[in-house]
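Each reported figure results from applying straightforward, stated rules to the coordinates on display, with no laboratory input. Nothing here was measured: the structure is a model prediction, and the numbers come from that model. Here the Cβ positions follow ideal geometry from the backbone for every residue, glycine too, while neighbour counts run over all protein chains shown.
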Amino acid sequence: MRRALFTPVTALITLTVLACTAGCGTGTSHASPLHFGDLQGGAALHAAPPGTHSLVQLPTHPITFEEERRVGGAGEDTPIGVTTLHGPKSGVTGKVWVWAPPEYYEKRNADKGFPVMVALPGSYGYPRNYWAGPDFALQEHLAQWTKDGTSLPFIVVMPVLNPNDERYYDGSDIPGQPKIGTWLTQDVPDLVRQNFRTLKTRDAWTIMGSSSGGFAALKNVLQNPDTFKVAIANGPDIVPDSPLWKGHAEAERANNPEVLAGRLIARGGPPVCVAFQGGSKEATVLPKVRKFIARYGHGPVKARLQIVPGGTHSGDTYVRGLGEGTMRWVSAHMRGPTGV
């Protein structure tokens, strides 16, 4: 089944305007260079003393990002940056947006590593990731939930989901195609580690996505439990459906969440947590999610479903769900900022 497009009209209009203004040189993006590797105004970052163990991963190869926009409200005017990443492991090239929460900049946290959320869009997710834009205000909401005590303060990284807008690649390494699975689970996390203070534990990494991105989040947490402990799957497909799998049945099976969940349960872990979300009006999505949870939501696969009353297949619905319980549950299963 062709995956439903996840591009609200308002988002399309906004993204079109942004693209046009950026192309004409009159937009607000690229306003100034950003160096996330030194966010403390010159404060010295240091490694743990010799002979001690630290979970903190300090930035290794910081690069310059271009400013995309500022996050207001509880986000305290923090910047979102964007860069073009040439993935050394996948060979994929695409845009990546990044944001650090206000807590990341505080002097008291100067030696702490922070948890990370990889946030994936729906539809083709190219050439932009709509989670970086103002339409759904993901960062503004996360910042407020952190202040309310219902969410950890996450670094949010927002890559494109596909290398083009022609086909779906199921967030996977389909034989003979661009290695999107490697892009999402290795190149993008490496970019974060190179530029931010992170943590050397899977307990500090979650991957979220909506629609086709929700499938990618579900699939990749089950396939890469040593990298991610938690997935947030918003209105996801449950099985692969890219036409590019044709002729590659064995590889398709190896990227099927149902197969991956069964294998993870059979070998006893490591444990993962999957936070499903769906709107009450998503009649074609919810039965499949419930069936997956009933069959595979046990043992090392802990699953939860947040149903948003009156919700549809939309970013607004899923942000509501995050605030109505999902982020509290996710944060309870993850590690917060930790010092050297």
If one builds a Gaussian network model of the chain from Cα atoms under 10 Å apart, the most fluctuating residue listed among Ala217, Ala283, Ala303 is Ala283
Size descriptor, Kirkwood hydrodynamic radius, that averages inverse alpha-carbon separations across the chain, Å:
20.0
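Using the membrane-span-like helix rule (whole DSSP H runs, Cα extent along the own axis of at least 20 Å, mean Kyte-Doolittle hydropathy at least -0.5), which helices of the chain qualify?
Helices meeting the span and hydropathy rule in the chain are 9-24.
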With 10 angstrom as the radius, rank Arg267, Arg193 by how many other C-beta atoms surround their C-beta, starting from the fewest.
Arg267, Arg193
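Divide by every residue of the chain the summed helix terms, -39500 (n - 2.57) for each DSSP H run of at least 4, and state the resulting mean residue ellipticity at 222 nm, rounded to the nearest 500 deg cm²/dmol.
When only DSSP H runs of four or more count, the value is -7500 deg cm²/dmol.
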Given H placed 1.01 Å from N in the peptide plane, which residues other than close sequence neighbours of Ala303 have an amide H under 5 Å from its amide H?
Val274
Step through the table entries Lys200/Lys291; Lys95/Lys288; Lys112/Lys229; Lys229/Lys288, compare each Cα-Cα distance with 24 Å, and write down the pairs that go over it.
Lys200/Lys291; Lys95/Lys288
Pull out the extension gain between Ser32 and Glu67, defined as 0.36 nm times the separation in residues minus the alpha carbon to alpha carbon distance; nm, one decimal.
12.1 nm
Just to be sure I follow: if Rg is taken over the C-alpha atoms of the range 144-272 and Rh is the Kirkwood radius over the same atoms, what is Rg/Rh?
0.98
Sorted by chain and number, the residues with a modelled amide H under 5 Å from that of Ser280, at a separation of 5 or more or across chains, are Val308, Gly310, Gly311
Run the numbers for Asp148 and Ser280: contour at 0.36 nm per residue of separation, minus the present Cα-Cα distance, in nm.
44.9 nm
Run the numbers for Lys200 and Trp329: contour at 0.36 nm per residue of separation, minus the present Cα-Cα distance, in nm.
44.3 nm
